[in-house]
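Here the structure comes first, spelled out in structure tokens, and everything after it is commentary.
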Amino acid sequence: MKRIHVVAAVIYAAPGINQILIAKRPDHLHQGGLWEFPGGKVDQGESPWQALVRELREELDINVTTAEPMMQLSHDYSDKQVMLDIWHVTGFEGQARGVEGQECCWVSVAEIVADNSDYQFPAANRVILERLKSS
């Protein structure tokens, strides 16, 4: 089974503001049409921190200034295994936007963790959502 190492960011709008940036996966991608925490693949020879900074610059046009590891998890899909390095991003420069045409929005934690949420995430993100719900 193909194994992919990915970084994902739980990006807070600002200190004391309980809003997180989420992005919608393009329909043609794996898990397309679902919402996700921005990020992407870790390239060979790249640290998770380097991948986080690069991916958020490429995807959202922001420069990460403050982040810390939140958790790591593995998830098996039928066609691939994903190893996720999840980071709390609490400081960045720039205005986040979907550089690759993806829809992005700021939502409250309560909106995305609600049982009847309008935002559906890939199965691999359930553990992240549970962590956010309990914090």
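Check segment 67-75 and report whether any residue there is of a type in the set (Ser, Thr, Tyr), within 27 Å of Ser135 (Cα to Cα) and more than 15 Å from the chain's Cα centre (by Cα). Looking for residues that are of a type in the set (Ser, Thr, Tyr), within 27 Å of Ser135 (Cα to Cα) and more than 15 Å from the chain's Cα centre (by Cα), one finds none in segment 67-75, hence no. Filtering Pro38, Pro48, Pro26, Pro15 for residues that are in contact with a strand residue (DSSP E or B) (Cβ under 7 Å, 6 or more places away or on another chain) and modelled with pLDDT under 95 leaves a single hit, Pro15.
Screening the candidates Ile112, Ile86 for the property of being of a type in the set (A, V, I, L, M, F, W, C), within 22 Å of Ile17 (Cα to Cα) and at pLDDT below 95 yields one hit, Ile112. Within segment 1-28, the set of residues being open to solvent by 50 Å² or more (accessible area, probe 1.4 Å) and part of a strand (DSSP E or B) comprises Lys2, Arg3, His5, Ile17, Asn18, Gln19, Lys24. Restricting the first member to segment 65-82 and to residues that are touching a residue at least 24 places away in the same chain (Cβ under 8 Å), and the second to residues that are of a type in the set (S, T, N, Q) and open to solvent by less than 50 Å² (accessible area, probe 1.4 Å), the beta-carbon pairs closer than 9 Å and six or more apart or on different chains are His75/Gln81; His75/Asn125.
The values are calculated or read from the model by the stated rules, or taken from the named source; none is laboratory data. Keep in mind that what you see is a predicted model, and the values were worked out from it rather than measured. Heads up, the Cβs are rebuilt from the backbone with ideal geometry, glycines too, and the neighbour counts pull from every protein chain shown. Accessible surface is based on the protein model in full, side chains and every heavy atom, while ligands, DNA and RNA are left aside. Shrake-Rupley method; radii C 1.70, N 1.55, O 1.52, S 1.80 Å.
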